[in-house]
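J.: Below are the structure tokens for one structure; questions will follow.
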Amino acid sequence: DDVGTTRELLRGLEAQLAQMTPRSKRLYSGNDDDDDDDDDGDGAPCAKDCMPGGVHSRLPYPLFLARGSGAHVWDVDDNRYVDFHLAFGSLMAGHKNPLITEALLQCMSAEGPGLLLAAPTQLNIKVAKALTTRYGGGTDAKDGGEERERITYWRFMNSGTEATRDAIQVARGVTGKDYIIKMECGYHGQHESVCVSYHPPLEDAGDPDAPLSVPSHSGVPEAFTQLTRIVPFNCTDEVLEKCIAQVEGQVACIIMEPIMMNCGIILPQNNFLRRVRCICDKHNILLVFDEVKTNSTVGPGGASG
């Protein structure tokens, strides 16, 4: 069957990965024959000895990278890769870009301002104004000439988790409502409101058109799980309306990636984003687009612009 074929393909890819990247595998778990061995042959401790699970993300084990330059990175086994990830767009100018390197060196020089002042600087204003231009208003031909609203206010965060947590908190505060809706398999960081159904076991997920709210791991209180309702990405209007009706008048926001990127790349279909926007307006629900991954990789105004 398709599931068996997919699993067999994944096993083959994992075996190929292990053959190509033996040092990364040892740095992850130690000696191949003894996971308790704490070095990779070079005297370096393995990741499992000092980090929970041995990896912050990416399974079966991470590629341990040694260096990057331009559009390429090299792992500890000296395999070269084209870096399509680029730190979710943070390195859109490439690794060790000479212009950025020069600017950093100037900041670090005796006459420079330094790199971290832990207080507002003029650069905050400059970057916020640049973002307003980048995500400015205008006429969107795809939406029948409808005017897009200019984003004029910006808050800088240290992580996507902080950004989505604060966005949901603001939505709840402004609306006075507690429930949120998110897309099944959508990932929005590591806080309780969104640690729900981002990789649910099939036997727990429920009906494809009416997914259940499944805590993504232990430690997520049941109260948060129940306050987070789930719908499929690219669902019909009827499915979304039914979900809203179950807690009518109590939904603060819908949070979603405009392009799903936690389970491959899934594009919106049948004018899905516009339909969600209209349903939110109909029910006085705020719409939160999480563009941590899409904001600078899709286009100048992100996926939603």
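The values are calculated or read from the model by the stated rules, or taken from the named source; none is laboratory data. Just so it is clear, the model here is predicted, and its values are computed rather than measured. Reconstructed Cβ throughout: ideal geometry from the backbone, glycine too, with neighbour counts over all protein chains shown. Protein only, heavy atoms only, side chains kept; ligands, DNA and RNA dropped before computing areas. Shrake-Rupley method; radii C 1.70, N 1.55, O 1.52, S 1.80 Å.
J.: Please list, ordered by first then second residue, the pairs with beta carbon atoms under 7 Å, 6 or more apart or interchain, first in region 115-133 and under 20 Å from Asn295 (Cβ atoms), second open to solvent by less than 100 Å² (accessible area, probe 1.4 Å) and not in a helix (DSSP H, G or I).
T.: Ala128/Trp154; Leu131/Trp154; Thr132/Ile151; Thr132/Thr152
J.: Would you confirm, using the coordinates I've provided, whether Asp83 is surrounded by fewer than 12 Cβ atoms within 10 Å (Cβ to Cβ) and in contact (Cβ under 8 Å) with a residue 12 or more places away in the chain?
T.: Details: surrounded by fewer than 12 Cβ atoms within 10 Å (Cβ to Cβ): no; in contact (Cβ under 8 Å) with a residue 12 or more places away in the chain: yes.
Considered against the rule, which asks whether it is surrounded by fewer than 12 Cβ atoms within 10 Å (Cβ to Cβ) and in contact (Cβ under 8 Å) with a residue 12 or more places away in the chain, Asp83 comes out as no.
J.: Let me ask something else about it. Within the set of pairs 6 or more residues apart or between chains, which connect a residue that is modelled with pLDDT of 95 or more inside region 266-292 to a residue that is β-branched (Val, Ile, Thr) and surrounded by fewer than 19 Cβ atoms within 10 Å (Cβ to Cβ) with Cβ atoms less than 8 Å apart?
T.: Asn284/Thr175; Ile285/Thr175; Ile285/Ile279; Leu286/Val174; Leu286/Thr175
J.: When the residues of region 64-80 are narrowed to those that are among the charged types (D, E, K, R) and surrounded by 14 or more Cβ atoms within 10 Å (Cβ to Cβ), which ends up farthest from Ala93 (Cα to Cα)? Let's see the steps before the verdict.
T.: Step one: filter region 64-80 for residues among the charged types (D, E, K, R), giving 67, 75, 77-78, 80.
Still in the list and also surrounded by 14 or more Cβ atoms within 10 Å (Cβ to Cβ): 75, 77.
On the way: Asp75: 20, Asp77: 25 Å.
Filtering first and then ranking leaves Asp77.
J.: Give me the pairs: first residue in region 89-113 and free of Cβ contacts under 8 Å to residues at least 12 places away in the same chain and open to solvent by 50 Å² or more (accessible area, probe 1.4 Å), second residue assigned to a loop (DSSP other than H, G, I, E, B) and of a type outside the set (Lys, Arg), beta-carbon distance under 7 Å, and six or more apart or on different chains, which are they?
T.: Cβ pairs passing all conditions: Ile100/Ala93; Gln106/Gly112; Met108/Leu115.
J.: In this structure, does Pro300 turn out to be open to solvent by 60 Å² or more (accessible area, probe 1.4 Å), touching a residue at least 40 places away in the same chain (Cβ under 8 Å) and either under 18 Å from Glu184 (Cβ atoms) or not β-branched (Val, Ile, Thr) (or both)? I'd like the intermediate steps shown before the answer.
T.: Numbers: open to solvent by 60 Å² or more (accessible area, probe 1.4 Å): yes; touching a residue at least 40 places away in the same chain (Cβ under 8 Å): yes; either under 18 Å from Glu184 (Cβ atoms) or not β-branched (Val, Ile, Thr) (or both): yes.
Here the answer is yes, as Pro300 does meet what is asked.
J.: Going by the conditions given, is Gln250 touching a Phe, Trp or Tyr at 6+ places or on another chain (Cβ under 6 Å), open to solvent by 10 Å² or more (accessible area, probe 1.4 Å) and farther than 18 Å from Tyr187 by Cβ?
T.: On the way: touching a Phe, Trp or Tyr at 6+ places or on another chain (Cβ under 6 Å): yes; open to solvent by 10 Å² or more (accessible area, probe 1.4 Å): yes; farther than 18 Å from Tyr187 by Cβ: yes.
So Gln250 passes the test.
J.: Tell me which of these Tyr61 doesn't satisfy, since it passes every other one: (1) out of contact with any Pro (no Cβ under 7 Å at 6 or more places or on another chain); (2) open to solvent by 60 Å² or more (accessible area, probe 1.4 Å).
T.: (2)
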